[in-house]
Amino acid sequence: MTAVSHRVFVSFVLYVANGAGRAAEFVAEVDAFLAERFEMHELVVVDDASTDGTPREIAALQGRLHGNLVLLELSRRHGPEVALLSGLARAMGDFVFEAELHRADWEPSLLATLYERAASGVDVVAGSNGRTSPSRSRFFRAVNRFSFLDLGEHEETVRVASRRAVNGLLDLREKVRYRRALYAVIGMPRAVVFYAPSRTAPATPTGTRSEGLTHAFDVIVSFSDVGLRLARVLSLVFAGFSLFVLLYATTAYVFFRPYLETGWTTIMLLASTGFTGLFLLLWIFGEYLARILIEVRQRPDYVVRAATTFPGAARRTRSLPLAPGERPPFDDGAAPPPPPPPSLVRDAEVAARSPEEHPQQLG
């Protein structure tokens, strides 16, 4: 095997859902590329309750990969955001790649480009094909408009994050897990690398349209103050309308009382408009109370049904020569501790014996 380019430990976290016939091949491609470029690597595959035999195909890679393979099988369908969270919690690399199989329209060589950009001091580097659907574009504009986040308007299909960025993400306890926004919340440097798609991403369904709309609504409410702004505007509008009707009724009573026959229209207009505003405000406050309830419950974000580790093939212990003055890995430069004196060794051997071998007399 040729010498690697980077002396670093990286993790590759992949989300799969019903990816039979494609997942195993893709994992093998990524493993071969990482083995050529990095000193050590691991692959963490998160199976989101597949029903087509995807876990069996992944497990069949045992003994054929260079890096360790970790297969996490979730108990039920969680969706990419929460499922990848379980993989990030398991990953141990200094840099962590994260991707979704159904959006992998790139070659593994893109990972090297992303890593080189991250190694220059950018904690979170995303790869984007520059394509965005109209609905997603409107979603990004809404989040950017009503929040302090700057997410751009491009889709991100693959990402690499430094260890400190991943730790910062995992430390956040929010129940609405949207990694793109959470990486922006922690405030570390971010960058985007645009690429031209080199393959067709496999069409794997990840949810219904209603589920996508619900998730988008949750993200906008959780990462912006649009609800509170709307509630404030509605309160002012309906308060102003009520004041206008009050002034109108007072003026009509004082100056036009002889000509008024009934005030039924005015009363109904005020009541219907006021109750409309009241119920809108109750709906907004109810949404926030529901999210507070979700946070208070502290239910687990995900449940792993099975976690299996498959050791990778034997790798070299050292791929690059040591530079002058460089220490071997995990060497802190300290001299090895001296051996303990014989008296301490004898005392330790005596202490390790059972009470029957050396009964102690209590005075």
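The values are calculated or read from the model by the stated rules, or taken from the named source; none is laboratory data. Predicted model only: the values in this text are computed from it and were never measured. A quick note on method: Cβ atoms are made from the backbone with ideal geometry, for glycine too, and the neighbour counts reach across all protein chains shown. The area values use the complete protein model at the heavy-atom level, side chains included, leaving out ligands, DNA and RNA. Shrake-Rupley method; radii C 1.70, N 1.55, O 1.52, S 1.80 Å.
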Solvent-accessible area of ILE292 with every protein chain in place, 1.4 Å probe, in Å² to the nearest 10: 100
Interatomic Cα distance distribution for the stretch 96-168, bins of 5 angstrom, percent: 3, 15, 21, 21, 21, 14, 4, 0
Where labels lie 7 Å past Cα in the beta-carbon direction, separation of GLU116 and MET188 in nm: 2.2
Accessible surface ranking that places the most exposed of MET188, MET92 first, with a 1.4 angstrom probe: MET92, MET188
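If the chain between PHE275 and LYS175 were fully stretched, how many nm would it gain, using 0.36 nm times the residue separation less the Cα-Cα distance? Can you show the working numbers first?
Values: separation 100, 0.36 × 100 = 36.00 nm, distance 3.26 nm.
Separation in residues times 0.36 nm, less the Cα-Cα distance, equals 32.7 nm.
Shape call for the stretch 1-136 from the C-alpha gyration tensor, a ≥ b ≥ c root eigenvalues: rounded (a/c under 1.5), prolate (a/b greater than b/c) or oblate? It would help to have the intermediate numbers written out before the result.
Values: a/c = 1.67, a/b = 1.17, b/c = 1.43.
It comes out oblate by the Cα gyration axes.
If you roll a 1.4 Å probe over the stretch 28-121 with all protein chains in place, what percent of the accessible area is carbon or sulfur? Before the final figure, lay out the partial values.
Values: 1520 of 3220 Å².
Here it works out to 47 percent.
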